[in-house]
Structure formats: C-alpha cells, structure tokens
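First the structure, in the form of structure tokens, and then the observations on it.
The values are calculated or read from the model by the stated rules, or taken from the named source; none is laboratory data. Quick caveat, the model's predicted, so the values are computed rather than measured. Here the Cβ positions follow ideal geometry from the backbone for every residue, glycine too, while neighbour counts run over all protein chains shown.
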Amino acid sequence: MINIVLVQPQTSGNIGAIVRVMKNFGLKNLVLIDPKCDHLDDDACKRAKHAKDVLKKAKVCKFDALDNYDVLVGTTAIIGSDYNITRLPITPKELAENLNPKANIGILIGREGDGLNEEELKKCDFIVSIPASKEYPTLNISHACAIIFYELFQGSNLAKNNERINPATKKEKEVAEKMIKEILDNLDFNTRHKKDTQEQVWKRVLAKSFLAKREFMVMMGFFKKVLEKVKK
C-alpha cells in the first residue's frame with residue numbers, strides 16, 4: 001500500500017493540488033505530518049476539485065508515524081556526490097519498477113520552502129530525485145508529485161507482477177541491520193567514520209534491493225555464517 005506523506009505542509013492550496021494529482025493517478029492514502037495549515041479550508045477544497053474524498057480522508061499524524069512503514073522513501077531535488085550516501089538517489093521510474101504493493105510504503109514529500117532536512121532523509125531507506133536541468137533543478141511541489149505519481153501509475157502493472165511475492169518487512173530488515181552491525185563490531189576499522197559509513201551503506205543496499213522474504217532468509221543464513229567466522 002502506498003501512502004503519500006507530506007511533512008509540515010505550509011499551504012493548504014498545495015495540499016489540494018497534490019490531492020488532485022493523487023486521484024489522477026489512483027493514489028488514495030494521504031498522511032499529513034504536523035501540518036502548518038488547515039487542509040480542509042476553502043482553498044484546499046477548491047484546488048482538490050473532484051478529489052475532495054481523498055482530502056477528507058487524510059490522516060493527521062505526528063513525526064513518530066514515520067516509524068510505521070516497511071519502506072520509507074524520501075524525495076529531494078538536492079543530490080550529493082558519491083561520498084554523501086544519504087543523498088544518493090534513484091529515479092521515480094526505478095522506484096515504480098521495484099515496489100511491491102504488499103509492502104506498507106511511505107513516500108515522504110518535504111516542505112514547500114526547503115524540503116526534507118538531513119535527519120529526515122537519514123530516516124528514509126533511500127531517496128528519489130527527479131532528473132532536471134542543472135540551471136533550475138527544483139520543481140514546484142505539486143509538479144514534482146505529478147511526475148512521481150505518474151511513474152508509479154505507469155509501473156502499477158509491473159507492481160502487480162510482484163503481488164505473488166511476499167516482501168521482507170521493516171522488522172525483518174531491522175534484524176538484518178542489527179546482524180550487520182554485530183559483524184562490523186567484530187571487525188577492525190581505522191576510524192569510527194569508516195565503520196559508520198559501512199552501516200549506512202548496508203542499510204541503503206538492503207532497502208534498494210526490495211528483498212523478498214525468501215531472499216531475506218537466505219541472506220540471514222549467510223550473515224550468520226559470517227558472524228560465526230569473525231567471532232572466532
């Protein structure tokens with residue numbers, strides 16, 4: 001299930017515009033994290049047009065709701081170099097081609113003015129960025145949503161092919177991350193930074209792999225053998 005999660009939206013009209021685009025592409029679940037405006041005011045309803053049903057069913061939540069998703073996807077226009085692992089993105093098309101509709105997915109959309117902050121991006125399993133002109137790479141929030149939602153809609157048939165596959169859950173991935181950390185704790189690193197980088201990279205690898213439950217079990221068997229070796 002795909003949830004569109006808006007972080008501290010500041011303008012009700014933008015919420016209405018995003019909801020309209022959601023309905024255009026068959027998305028129904030809107031979550032508002034600590035909104036700074038009334039999402040049901042006249043401006044929001046006018047911009048939503050025929051998507052008022054989606055708007056009225058929106059859930060208003062606090063930041064701890066971000067812990068409820070099997071996969072948390074961040075969005076940003078600001079991408080980093082190879083060394084800025086937090087901001088290494090995939091494209092909307094790559095996201096759409098790999099999602100499993102059985103997973104509980106949150107797609108995080110940042111504030112209109114400055115997007116998601118670094119801590120919020122670190123909370124995400126990985127991020128999505130829309131390729132755009134280097135002269136002006138930042139899109140209007142509803143326009144960016146339209147591109148992402150379109151790709152999700154286009155990829156929906158591919159997603160249906162994955163319905164027979166049970167995805168690894170958030171808790172299972174956390175077990176894998178814990179085991180990887182234990183392996184790293186038993187290895188020697190020149191600096192703490194290098195160890196932290198390993199942990200961060202492995203978290204991203206696990207998320208971008210869109211692991212099936214069976215793949216997770218096989219991988220855990222391998223990690224257990226590695227852990228046995230490094231503990232000797």
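Summary of computed values
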item: Condition check for ALA17: surrounded by 15 or more Cβ atoms within 10 Å (Cβ to Cβ) and under 25 Å from PRO101 (Cβ atoms); result: no
item: 3 or more residues more than 18 Å from ALA144 (Cα to Cα) and touching a residue at least 24 places away in the same chain (Cβ under 8 Å): qualifying strands (runs of 3 or more DSSP E) within segment 17-101; result: 59-61
item: Test for THR138: is it modelled with pLDDT under 90, closer than 26 Å to PHE25 by Cα and β-branched (Val, Ile, Thr); result: yes
item: Selection within segment 51-72 - modelled with pLDDT of 95 or more and in contact with a helix residue (DSSP H, G or I) (Cβ under 7 Å, 6 or more places away or on another chain); result: ALA51, LYS52, VAL54, LEU55
item: From ILE127, ILE148, ILE165, residue being at negative phi, at pLDDT below 85 and either part of a helix (DSSP H, G or I) or not basic (Lys, Arg) (or both); result: ILE165
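Per-residue answers, yes or no, for (1) hydrophobic (A, V, I, L, M, F, W, C); (2) part of a helix (DSSP H, G or I); (3) free of Cβ contacts under 8 Å to residues at least 12 places away in the same chain:
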position: GLU119; (1), (2), (3): no, yes, yes
position: LYS173; (1), (2), (3): no, yes, no
position: MET179; (1), (2), (3): yes, yes, no
position: GLU182; (1), (2), (3): no, yes, no
